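Following: one structure in structure tokens, then a few remarks.
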Amino acid sequence: MRLYARIILLLLLVAFALPLAAQSHRSLYNKGKDAEARQDIMAAFEYYRRAYELKPKEMKYRIAYERSRFRASATHVNKGQQLRDEGKLEEALQEFVYAAKIDPGNSAATQEVRRTQAMIEAASGPGAQAPKPVSPITRRLEEAAGPIELAPVSPQPITLEIANDSKLVYETIGKLAGINVLFDPEYVSRRVVLKLNGVSLQESLDILAFHSNTFWRPVTPNTIFIAANTPAKRRELEQNILKTFYLSNINAASDLVEAVNVIRTILGTDIKIMQVNSQNAIVVRGTPDQVALAEKLIGDIDKAKPEVIVEVAVMQVRRDRLRDIGIRPPTSATVGIQPPATTGTTTGGTTGGATSATNLTLNTLANLQDKDIVVNIPTATVNLLYNDNNSRLIQNPQIRALDGQKASLKIGDRIPIATGSFGSGFGAGGLGASGLVNTQFQYIDVGVNVDITPRVFMNREVGMKLVLEISSVTGSTNIGGITQPIISQRRVEHEIRLREGEVNLLGGIFEQQNTKAISGIPGLAQLPFLRYLFSTERNENVESEIVFILIPRIVRGQDFTDLNQKAIDVGTSTTLDIRRISRPDNLRPATPAPQSPVPQGSAPTPAPSTAPATQPNGQPAQPASQQPEPTGPASLIFDPVAISQPVGNTFQVNILVRGVRDLYSAPLQISYDPNTLQLVNIQNGDFLTRDGQPVALVHREDLQSGTIQANATRPPNTTGISGDGLLYTLTFQAKFKGDSTINIVRPSFRNSGMQPIALPGSSATISIK
């Protein structure tokens with residue numbers, strides 16, 4: 001008996017558990033649909049994922065999961081790009097990593113991870129990561145220098161009055177600017193006279209080159225080379241650079257060829273330029289000024305085309321009223337003669353029968369009686385009808401179109417119309433004059449048809465070449481034995497120009513039709529009041545109105561920057577040269593050239609209190625803010641050292657540094673139990689950024705082994721930080737119950753002199769309940 005009770009209880013539990021499980025995945029799927037309707041992409045992804053995990057064989061769960069996974073990954077990629085644009089590289093990298101984790105097939109997320117990691121490693125300074133072995137060709141390209149630029153000189157105006165040999169004048173200005181001057185061996189000097197007031201050293205060099213018909217090019221940031229200004233010397237001595245421009249908005253091959261022709265025509269034939277259709281790119285080789293102007297022209301041309309959304313409202317109101325009142329009396333009668341039947345007999349023993357005569361004779365007419373005359377009178381009809389129909393047709397389509405590109409919208413049906421026929425000249429079997437006839441048909445779009453070609457102007461006005469047609473089938477007719485539809489059409493075709501958001505009534509077509517018909521007995525049908533007894537009156541009123549409304553809205557306008565519209569001095573018709581204006585914020589003070597060499601060993605000795613710290617690369621370090629000298633040995637501690645959290649909760653653990661001196665780089669390794677804890681995030685503290693210097697954080701996680709490699713390094717040419725403070729903040733999520741520890745196993749801190757700082761490890765206890 002107990003065995004049967006247990007079996008029944010088990011069956012009941014299974015019966016109740018199945019509906020609960022089914023309700024669970026159904027409710028998760030419904031919650032996902034609600035979240036997706038609210039545009040909460042991440043919540044929808046989590047609901048769909050859980051529903052799919054509960055019932056992976058359900059196809060609609062899988063489709064919803066795959067769709068939401070793609071959108072969730074794209075959302076994190078977009079958020080990471082925004083954070084990276086704001087300079088938050090660490091947070092951006094976390095978003096990209098999470099996007100790649102959600103959708104491993106998202107190649108964009110993988111590319112952004114590599115790109116952001118490279119940016120972080122580049123900003124972390126020397127010693128952040130061991131260099132990867134590269135091929136000699138790759139190393140050569142990585143070490144290739146860009147165009148040489150002359151270091152900025154002082155913008156202070158000077159007064160220069162000199163009449164001497166041009167070489168001597170160049171050397172004089174070079175000494176004032178603190179730059180070295182070299183001359184072409186073939187350069188022939190001549191006497192020049194300069195009287196300059198209120199010009200800078202850079203401008204005086206340009207004036208002297210123009211006056212002496214020479215040109216100069218930088219060899220190093222503080223050295224220039226002088227030569228005669230001839231086309232041959234310029235081709236021989238001017239530096240050339242190579243650059244590839246990848247276009248974002250020009251995609252048609254004809255547009256790419258047009259852009260190349262514009263650059264070649266404007267900059268001359270000396271520049272070497274080639275388009276690459278497969279990569280949608282342009283490769284340019286020329287002087288730095290030529291490439292700079294080519295970049296400007298490409299930036300002016302490679303613009304996204306403006307886009308417009310045109311709201312089209314088609315409103316049609318129709319009212320039909322019909323009234324048919326009266327008595328329709330018979331308006332005709334027929335009189336007929338029904339001849340009497342005659343009976344004939346025959347002899348010879350045959351039987352007789354009755355026959356009806358079909359023809360009337362005069363004798364028959366003489367014997368007509370009342371019963372032989374038949375009168376047919378039609379019936380009278382009473383009409384009492386009133387009908388009132390109101391109908392409205394409202395269509396509000398939206399069309400999105402590129403500037404200068406035709407966009408079409410067709411809503412309705414395609415009706416076949418016979419356009420012709422043809423047949424063979426022989427019948428069946430090759431005989432006869434007529435054979436089979438084949439009819440050709442053409443399909444016509446019936447309904448609402450809109451064709452718009454927009455043009456966006458600088459003042460945010462929109463010009464439109466518009467064709468708007470509303471058609472419908474109103475009947476049919478027989479033409480040549482073929483039934484053809486009768487199509488009513490209302491068509492507007494013109495060009496207009498509107499402001500953005502301006503409401504325009506494109507056309508109003510009002511149609512009113514009144515029909516009155518009287519049918520009855522003449523004379524009696526015109527009597528007042530009595531006419532309804534001898535006639536019927538039919539009144540029909542039809543009112544129809546159609547209104548077209550257009551509202552243009554600019555989605556993307558013409559994007560022109562100040563640089564696109566700026567006029568640039570490019571030199572003369574024979575020589576292309578960009579004249580630049582010195583920017584005071586990027587200038588260094590002029591350093592006069594030494595008048596005499598300093599004797600060896602007699603360099604002045606600076607005071608110890610003012611000598612800045614020096615980095616290993618020999619550059620002076622920027623002094624940090626005044627910091628209190630720490631006392632006692634340096635140490636690392638967790639805050640808190642013991643913590644208790646429930647399952648599923650997210651919590652933070654801080655890593656503090658105590659008593660450290662001149663901390664420049666803080667690489668360390670952290671271990672934890674991945675079975676009970678899951679790393680969510682690692683953030684930089686405020687200790688290394690105490691003086692306002694930006695600090696890059698690079699970290700890598702191995703989620704299977706539970707190890708974290710983290711490194712925060714101060715910028716180059718800066719000193720370290722001393723004292724106590726928050727170094728890192730770790731964010732974990734409690735996964736399962738149990739006790740766990742977090743350990744710092746490899747602190748490898750270094751000071752600004754790249755010397756190691758001895759620090760012991762530390763640990764914290766985590767209890768998951």
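The values are calculated or read from the model by the stated rules, or taken from the named source; none is laboratory data. Fair warning: this is a prediction, and the values are worked out from it, not measured in the lab. Every residue, glycine among them, receives a Cβ derived from its backbone with ideal geometry; neighbour counts consider all protein chains shown.
Tally up the residues in the range 228-274 that are in contact (Cβ under 8 Å) with a residue 24 or more places away in the chain and among the hydroxyl-bearing types (Ser, Thr, Tyr), please.
Within the range 228-274, residues that are in contact (Cβ under 8 Å) with a residue 24 or more places away in the chain and among the hydroxyl-bearing types (Ser, Thr, Tyr) number 3.
Residues that are surrounded by 13 or more Cβ atoms within 10 Å (Cβ to Cβ), basic (Lys, Arg) and at pLDDT below 85: does the range 160-180 have at least one?
Scanning the range 160-180 turns up at least one residue that is surrounded by 13 or more Cβ atoms within 10 Å (Cβ to Cβ), basic (Lys, Arg) and at pLDDT below 85.
Look at Ser391 and say whether it is at pLDDT 70 or above and surrounded by 10 or more Cβ atoms within 10 Å (Cβ to Cβ).
Here the answer is no, as Ser391 does not meet what is asked.
Can you name the residue in the range 651-663 that is surrounded by fewer than 24 Cβ atoms within 10 Å (Cβ to Cβ) and in contact with a Ser or Thr (Cβ under 7 Å, 6 or more places away or on another chain) and, of all such residues, is nearest to Arg714 (Cα to Cα)?
Per the stated criteria, the residue is Asp662.
Among the residues of the range 197-214, count how many are within 15 Å of Leu150 (Cβ to Cβ) and in a helix (DSSP H, G or I).
Number satisfying all stated conditions: 8.
Please work out if Arg84 is at pLDDT below 80 and either surrounded by 10 or more Cβ atoms within 10 Å (Cβ to Cβ) or in the same structural domain as Gly685 (by TED's automatic domain parsing) (or both). Walk me through how you get there before you give the answer.
Details: at pLDDT below 80: no; either surrounded by 10 or more Cβ atoms within 10 Å (Cβ to Cβ) or in the same structural domain as Gly685 (by TED's automatic domain parsing) (or both): yes.
So Arg84 does not fit the description; no.
Can you tell me which residues in the range 147-196 are part of a strand (DSSP E or B), in contact (Cβ under 8 Å) with a residue 40 or more places away in the chain and out of contact with any Phe, Trp or Tyr (no Cβ under 7 Å at 6 or more places or on another chain)?
The answer is Ile158, Leu160, Asn180, Phe183.
Yes or no, residue by residue, for (1) over 24 Å from Arg114 (Cβ atoms); (2) part of a strand (DSSP E or B); (3) in the same structural domain as Gln645 (by TED's automatic domain parsing):
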site	(1), (2), (3)
Thr689	yes, no, yes
Gly692	yes, no, yes
Arg700	no, yes, yes
Asn711	no, yes, yes
Ser722	yes, yes, yes
Leu726	yes, yes, yes
Gly753	yes, no, yes
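Which count do you get for residues in the range 276-291 that are closer than 24 Å to Ile578 by Cβ, surrounded by 17 or more Cβ atoms within 10 Å (Cβ to Cβ) and not charged (D, E, K, R)?
7
Got a number for residues in the range 508-560 being touching a residue at least 60 places away in the same chain (Cβ under 8 Å) and in a strand (DSSP E or B)?
Within the range 508-560, residues that are touching a residue at least 60 places away in the same chain (Cβ under 8 Å) and in a strand (DSSP E or B) number 24.
Being surrounded by 12 or more Cβ atoms within 10 Å (Cβ to Cβ) and not in a strand (DSSP E or B) is the filter here, so list the residues in the range 225-238 that pass it.
Asn229, Thr230, Lys233, Arg234, Leu237, Glu238 - these are the residues of the range 225-238 that are surrounded by 12 or more Cβ atoms within 10 Å (Cβ to Cβ) and not in a strand (DSSP E or B).
In contact with a Lys or Arg (Cβ under 7 Å, 6 or more places away or on another chain) and surrounded by 15 or more Cβ atoms within 10 Å (Cβ to Cβ), is that true of Ile470?
Answer is yes for this residue.
Take Ser27 and decide whether it is surrounded by 19 or more Cβ atoms within 10 Å (Cβ to Cβ) and either under 17 Å from Ile102 (Cβ atoms) or of a type outside the set (D, E, K, R) (or both).
Criteria not met by Ser27.
From (1) surrounded by fewer than 16 Cβ atoms within 10 Å (Cβ to Cβ); (2) assigned to a loop (DSSP other than H, G, I, E, B), pick out the condition that doesn't hold for Pro747.
Of the numbered conditions (1) surrounded by fewer than 16 Cβ atoms within 10 Å (Cβ to Cβ); (2) assigned to a loop (DSSP other than H, G, I, E, B), the odd one out for Pro747 is (1).
Considering Val570, Val467, Val542, Val473, which residue is over 30 Å from Thr439 (Cβ atoms) and assigned by TED's automatic domain parsing to the domain that holds Gln405?
On the way: Val570 fails: assigned by TED's automatic domain parsing to the domain that holds Gln405; Val467 fails: over 30 Å from Thr439 (Cβ atoms); Val473 fails: over 30 Å from Thr439 (Cβ atoms).
Step by step, each of Val570, Val467, Val542, Val473 is checked, and only Val542 is over 30 Å from Thr439 (Cβ atoms) and assigned by TED's automatic domain parsing to the domain that holds Gln405.
Residue-wise test of (1) of a type in the set (Phe, Trp, Tyr); (2) under 23 Å from the mean Cα position of the chain (by Cα); (3) surrounded by 12 or more Cβ atoms within 10 Å (Cβ to Cβ); (4) modelled with pLDDT of 90 or more.
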residue: Leu12; (1), (2), (3), (4): no, no, no, no
residue: Ala15; (1), (2), (3), (4): no, no, no, no
residue: Glu46; (1), (2), (3), (4): no, no, yes, no
residue: Arg69; (1), (2), (3), (4): no, yes, yes, no
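Just to be sure, is Met464 farther than 27 Å from Asn387 by Cβ and either crowded, with 16+ Cβ neighbours inside 10 Å or among the hydroxyl-bearing types (Ser, Thr, Tyr) (or both)?
For Met464, the condition - farther than 27 Å from Asn387 by Cβ and either crowded, with 16+ Cβ neighbours inside 10 Å or among the hydroxyl-bearing types (Ser, Thr, Tyr) (or both) - is met.
Hey, Glu495 hits all of (1) in a strand (DSSP E or B); (2) in contact (Cβ under 8 Å) with a residue 40 or more places away in the chain but one; which does it fall short on?
(2)
Evaluate the following for Lys272: is it among the basic types (Lys, Arg) and under 30 Å from the mean Cα position of the chain (by Cα)?
Against the criterion (among the basic types (Lys, Arg) and under 30 Å from the mean Cα position of the chain (by Cα)), Lys272 does not qualify.
Report whether or not Leu703 is without any contact (Cβ under 8 Å) to a residue 40 or more places away in the chain and within 22 Å of Ala122 (Cα to Cα).
no
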